[in-house]
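Step one of this worksheet: look at the structure below.
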Amino acid sequence: MTAGASSPLDRFPQMIARVGGGLLLAFGLWAMAGPRSFFDSLATFDPYNQHLIQDLGAFQIGLGVVLLVAALVSPSDGLLTGLVGVGAAMAAHAVSHAVGHDLGGTPKVDIPVFALLGGLLLGGGLVRWRQLPA
């Protein structure tokens, strides 16, 4: 296969990654921003747990970013894709814990640790992106 493949079958994986990544990202953002609405509409598994729904959204965001980076930025660099996708999930997870700081856990530890890990992973992804040929 060539980089400029143009048959429908050659474009199929990229198309699926773009659509799937966009949907995962959209549903993840919905779960983060409107956990009750997300639960009532899609995730009707009682009992409702805001923190769990927002964490679900955080990791859906990361999965969506993985697919979008692979399809749009670097289809052949797994390291970049992994660093950016997992970094996005960790950053969103930190936001989930910040928003739900009153729902349990240990926010004084969880939030900075998740934010630091997310920042390190995203920073590693940025360094990797700059290392790739133009």
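Readers should treat all values here as calculations from the given coordinates under stated rules, not as data from a laboratory. Bear in mind the structure is a predicted one, so any value in this text is a computation, not a measurement. A quick note on method: Cβ atoms are made from the backbone with ideal geometry, for glycine too, and the neighbour counts reach across all protein chains shown.
Couple of notes before you dig in:
- Potential lengthening between Leu9 and Asp102 on full extension [0.36 nm per residue; Cα-Cα distance subtracted]: 28.5 nm
- 12 Å cut-off, amide nitrogen to a point 7 angstrom out along Leu132 Cα→Cβ, residues in segment 68-94: 68-85
- Calculated on C-alpha atoms, the gyration radius of the chain divided by its Kirkwood radius gives an Rg/Rh of 1.06.
- Taking the Cα centre of the chain as origin and assigning +1 to Lys and Arg Cβ atoms and -1 to Asp and Glu Cβ atoms, the resulting dipole is close to 380 debye.
- Taking Cβ atoms as reference points and 15 Å as the exclusive limit, the residues near Ser74 contribute a net charge of +2, counting Lys and Arg as +1 and Asp and Glu as -1.
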